[in-house]
1. Evaluate E = 1/(1 + (r/R0)^6) for Lys125 and Gln336, where r is the Cβ-Cβ distance and R0 equals 30 Å; express this FRET efficiency to the nearest 0.05.
2. When only the heavy atoms of the protein chains count and the probe is 1.4 Å, how do Asp149, Asp253 rank by accessible area, highest first?
3. Return a whole-number percent for the relative contact order of the stretch 19-171, with Cα pairs under 8 Å and 6 or more residues apart as the contact set.
4. Which Rg and Dmax, in Å, describe the Cα atoms of the stretch 19-171?
5. State, to one decimal in nm, how far the label point of Glu227 lies from the label point of Arg13, with both points 7 Å from Cα in the Cβ direction.
6. What distance in nm separates the simple spin-label points at Phe55 and Asp23, each placed 7 Å from Cα in the Cβ direction?
7. So which trypsin sites (Lys or Arg not before Pro) in the stretch 1-86 are both in a DSSP loop and have at most 16 other Cβ atoms within 10 Å of their Cβ?
8. Hey, which lysines would be in cross-link range of Lys161, C-alpha to C-alpha under 24 Å, not counting anything within fewer than 8 residues on its own chain?
Amino acid sequence: MSASKAVNFPIERTQHSRLSETDFSNLEFGTVNSDHMFVVDYKKGEWVDPKIIPFQNISVSPACSSLHYGQTVFEGMKAFRAPNGDLLVFRPEKHLERMNNSNRRLCIPEIPAEYFYDAIDALVKLDQDWIPNQEGCSLYLRPFIFANDPFIGVKPSSAYKFMIFTCPVAGYYKGTVKVIIESDFVRASPGGIGAAKTGGNYAASLLPAKLAADKGYQQILWTDSKEHKYFEESGTMNLMFVINDVLITPSLDGSILPGITRDTILTIAKDWGVKVEERRVSVEEVITAFNNGTLQDAFGTGTAATITQIAEIHHNGKDMVLPPVAGRTLSNKLNQTIVDLKNGIGEDKYNWVHRIKK
Ligand code: COI
């Protein structure tokens with residue numbers, strides 16, 4: 001993690017830890033919060049009153065501008081415990097960089113590095129017993145910022161709240177997913193907010209995802225907003241295919257979220273000598289590859305999901321059943337490599353793993 005000046009903030013410890021009541025053997029994504037959270041306000045151009053306090057509800061005005069106009073940004077990161085007990089966070093710099101890119105798009109002030117890094121270190125240290133030991137589990141960190149002006153005119157807010165809370169989680173999906181190619185609704189279009197990690201993109205996905213779920217599919221494959229001919233993302237994940245041993249993923253064209261897991265996978269795969277193509281990927285090309293037997297794999301990538309393999313792709317009344325997961329050498333190997341790296345196993349040759357100072 002790059003150097004930043006340390007900030008001091010008070011830590012108020014909870015008197016009522018919920019740790020002993022938590023069933024770590026039955027974790028689901030996002031249902032349990034750990035004991036503490038970080039909060040700092042932005043007012044009149046200054047960051048004020050940073051602190052760590054017990055996880056609790058917050059109070060906002062009913063006129064709070066983000067509730068009406070969605071001027072919000074969030075991130076998702078994960079913390080792990082290494083075999084030697086070190087506390088690890090995966091690629092926090094990249095998450096801060098993306099958060100501040102999203103903030104710029106939403107007219108939100110950039111988060112100073114020192115708040116981001118120091119708050120993460122302090123929170124993970126304080127709630128380290130909330131890091132699950134179970135395989136495939138981790139402590140998910142949710143930094144977010146929202147506009148907090150009590151004003152319902154449409155303009156960039158002058159007040160914001162930046163917070164981080166954490167949750168012990170299992171994987172986002174249990175196993176593979178069946179997906180449907182979406183050709184009515186769109187997630188984002190060029191010039192919009194698709195490349196920013198902001199609530200509106202997720203709100204836009206709810207109805208199409210519900211309609212897909214009603215038909216028995218856990219996710220949708222988003223296509224471009226103009227022609228519905230080219231793939232964009234897979235639900236809340238980036239999307240990758242393996243065709244003829246080439247790893248292919250839609251290029252970042254402004255409407256796709258620049259995923260950190262996406263970047264991690266592309267970097268590792270290139271390093272392994274895998275042929276990687278970042279370009280427009282057409283629906284037709286993937287259907288042709290399926291029909292001629294060269295579509296070897298399709299998977300979604302994201303912090304919450306890591307790598308989630310796609311079992312079936314539905315299009316125009318037909319289900320394309322993809323090869324069995326056990327034989328998908330590249331995505332299985334990538335997944336294991338990334339899980340190991342995040343857990344502090346093996347060489348961190350890219351310097352991606354941040355070790356929290358004891
Ligand atoms: C993540 O992968 O961290 C995400 O943002 C997915 C989230 C919507 C749960």
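The values are calculated or read from the model by the stated rules, or taken from the named source; none is laboratory data. Every value quoted in this text rests on a predicted model; they were computed, and no experiment measured them. Note that each Cβ is placed from the backbone with ideal geometry, even for glycine, and that neighbours are counted across all protein chains shown. Remember, those area values only see protein heavy atoms, side chains included, never the ligands or the DNA or RNA. Shrake-Rupley method; radii C 1.70, N 1.55, O 1.52, S 1.80 Å.
1. That gives a FRET efficiency of 0.60.
2. Result, largest first: Asp253, Asp149.
3. This gives 38 percent for the stretch 19-171.
4. Gyration radius and largest Cα-Cα distance of the stretch 19-171: 16.1, 53 Å.
5. Modelled inter-label distance: 6.2 nm.
6. With each label point 7 Å from Cα toward Cβ, the separation is 1.7 nm.
7. Values: sites: Lys5, Arg13, Arg18, Lys43, Lys44, Lys51, Lys78, Arg81; in loops: Lys5, Arg13, Arg18, Lys44.
Sites meeting the loop and neighbour criteria: Lys5, Arg13, Arg18, Lys44.
8. Filter leaves Lys5, Lys43, Lys44, Lys51, Lys78, Lys94, Lys125, Lys197.
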